[in-house]
Amino acid sequence: MADAKVYKNFINGEWVDSVAKKTFENRNPADTRELLGVFQASNEEDVKRAIDAAKEAYKKWRLVPAPKRGEMLFRLGETLVRRKEDFARPMTQEMGKVLKETRGDVQEAIDMSYYMAGEGRRQFGETTPSELPNKFMMSVRMPLGVCAMITPWNFPMAIPSWKLMPALVCGNTVVFKPASYTPLSAYNLVKACEEVGIPKGVVNFVTGSGGAVGIPLMKSDDVKLVTFTGSTAVGRTVSEVCAPSFKHTHLEMGGKNAIMVMDDAKIDLAIEGAVWGGFGTTGQRCTAASRVIVHKKVVKEFTDKFVARAKALKIGNGLDPAVEMGPSISEDQLNTVMEYVEIGKKEAKLLCGGNRMTSGDYKHGYFHEPTIFGDVDPQMRIAQEEIFGPVVSIIPCDSLEQAIDINNGTIYGLSASVYTQDVNKAFQAMRDSYTGIFYVNASTIGAEVHLPFGGTNHTGNGHREAGTAALDVFSEWKAIYVDFSGKLQKAQIDDIMP
Ligand code: NAP
């Protein structure tokens, strides 16, 4: 602890200690002996200072022309490109996912920087004829003010970028509270903002727990929007705490995503999709394919091959290029996985895995075997609840219609996919699946930044991240009427017809 690098909060363009001068540790989940640094355990006073700085900076930032704000984001993208490897490696160390995936995480931040840079010149409104003569009408986007960003640990740079870039290009200022398991990647992103000269106070960074930092952010009257990605349980808290002040909330929450494999599917392709969807990021993606609904005619072949592939996965430290799956993020998350495995053993048939890995170097990290349950009923807890670990349920079905019903039969609605060679079935599945994201002959993961991202039911509250949809989260519409007739004209009342 004495030698650990101390990371600070970033408030009003200065790197500062927390008021209480308390810190917390950031350790490697693949080897908890490795201390990556200590971060500020901030409190309400730190949050207030950050909000005050963001409020002050907003006065000028909102008036910077949007194309100029976009140019700053473009420069930020350039910096991220240059530093991609520098940022991917520590991300693997603090989060555990393999290097290929953390490079992808930084790439997503790059993509979002460039995409939103372009939106600086595309914040189009509408003009439309007035019903009255000599009157002009238009709609324009206006920024909201100070936005609070509360983010999870599974995409430590990508998800903050999904919020930061559209917030900034729309003219808002932000206070960013990252997940306590992954503050280093968040710090790297904020440092890059500082390097490209984003004005002081526009981006503020306050680390600390959800209760100590998140709640004061939500309660402040000076914060106009809380944009949150995380669990449905905490999302509900965000919703409730923000409701009395009618604060805007943008919630991206849990998932229980399904791959549907039809009897005419290319089975080997579907298996690759199920392995990637189920065990990529150690099953810790909101879009992870934790259910695979397989037509009974092919379920045996699918199961045999899928189990063989899962057993062959190489598990370990994500910095090793041969490793395919890293650890769970934490002891708590691993315990959740193990609890669900115990539940699954009572409910269904364990086909492979099922154990924490404790031999050799594994004992220093939070490793769990890739686990598959077979003969799972759609109503079982392992098929209904988000586990967020390397656990997949195979649910047999008789038809596409039944598969779609099963897919739609949870409280969530983020992502789904179908494997079929029949174009009619593919279109039926994409029409009838009530999810925010849908794939055909691909896994449940793989979203790109220029289409809307988010889910239905308990996954979201009707907003979407990414794409132009993100602009609707981070701005409000203003309708403007300009009367140049020189007299009082009354809409809906004056009869102007000859
Ligand atoms: P989480 O426990 O809900 O935490 C998310 C963020 O909320 C963290 O910054 C956390 O801070 C903070 N927080 C926790 N309790 C809080 C409280 N009472 N008040 C205010 N803030 C609070 O979620 P997670 O474990 O980080 O992430 C996993 C979840 O995120 C999964 O459910 C996954 O599906 C979901 N997710 C959804 C999407 C999507 O786009 N739909 C994307 C990725 C992940 P601390 O870290 O300090 O606790």
Helix-only CD estimate at 222 nm, as mean residue ellipticity for the chain, using -39500 (n - 2.57) per DSSP H run (n ≥ 4): -11500 deg cm²/dmol
Net charge within 11 Å of Asn257 by Cβ-Cβ distance, Lys/Arg positive one each and Asp/Glu negative one each, not counting Asn257 itself? +2
Quick shape check on the chain: root eigenvalues a ≥ b ≥ c of the Cα gyration tensor, a/c under 1.5 is rounded, otherwise prolate if a/b tops b/c, else oblate, and it reads oblate
³J(HN,Hα), Karplus 6.51/-1.76/1.60, whole Hz, each residue of the stretch 185-200, x for Gly, Pro: 5, 5, 4, 4, 5, 5, 4, 5, 4, 5, 4, 8, x, 4, x, 4
To the nearest µm²/s, what D does Stokes-Einstein give for the stretch 188-286 at 20 °C and 1.002 mPa s, using the Kirkwood radius over alpha carbon pairs as Rh? 126
Per residue, the convex hull enclosing the alpha carbons of the stretch 1-141 has a volume in Å³ of 170
Exposure rule at most 10 other beta-carbon atoms within 10 Å, DSSP loop chymotrypsin sites (Phe, Trp or Tyr not before Pro): the chain longest free segment: 1-245
Per the Kirkwood definition applied to all pairs of different Cα atoms, how many angstroms is the hydrodynamic radius of the stretch 258-440? 16.3
In the stretch 143-188, if every C-alpha pair distance is counted and binned at 5 Å from zero, what percent goes to each bin? 5, 26, 31, 21, 12, 5, 0
Based only on the alpha carbon positions, what is the Kirkwood hydrodynamic radius of the stretch 1-73, in angstrom? 14.6
The long-range amide H neighbours of Ala179, using H built 1.01 Å from N in the peptide plane and a cut-off of under 5 Å, are Thr151
If I histogram all Cα-Cα distances within the stretch 368-479 using bins 10 Å wide from 0, what percent of pairs lands in each bin? 13, 38, 33, 12, 3, 0
Where does helix 158-169 land angle-wise versus the long Cα axis of the chain, in degrees 0 to 90, nearest 10? 10
Would you order His368, His248, His458 from fewest to most other beta-carbon atoms within 10 Å of each residue's own beta-carbon? His248, His458, His368
Roughly how tilted is helix 423-432, in degrees to the nearest 10 and between 0 and 90, from the longest Cα axis of the chain? 60
Which trypsin sites (Lys or Arg not before Pro) in the stretch 400-498 sit in a loop by DSSP (not H, G, I, E or B) and have at most 10 other Cβ atoms within 10 Å of their own Cβ? Lys487, Lys490
Report, to the nearest 10°, how far helix 44-61 tilts away from the longest principal axis of the Cα atoms in the chain, using its own Cα long axis and a range of 0 to 90°. 50
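Bear in mind that the values in this text are calculations on the coordinates, not laboratory data. Since we're looking at a predicted model, the values are computed, not measured. FYI the Cβ positions are ideal-geometry reconstructions off the backbone, even for glycines, and counts take in every protein chain you see.
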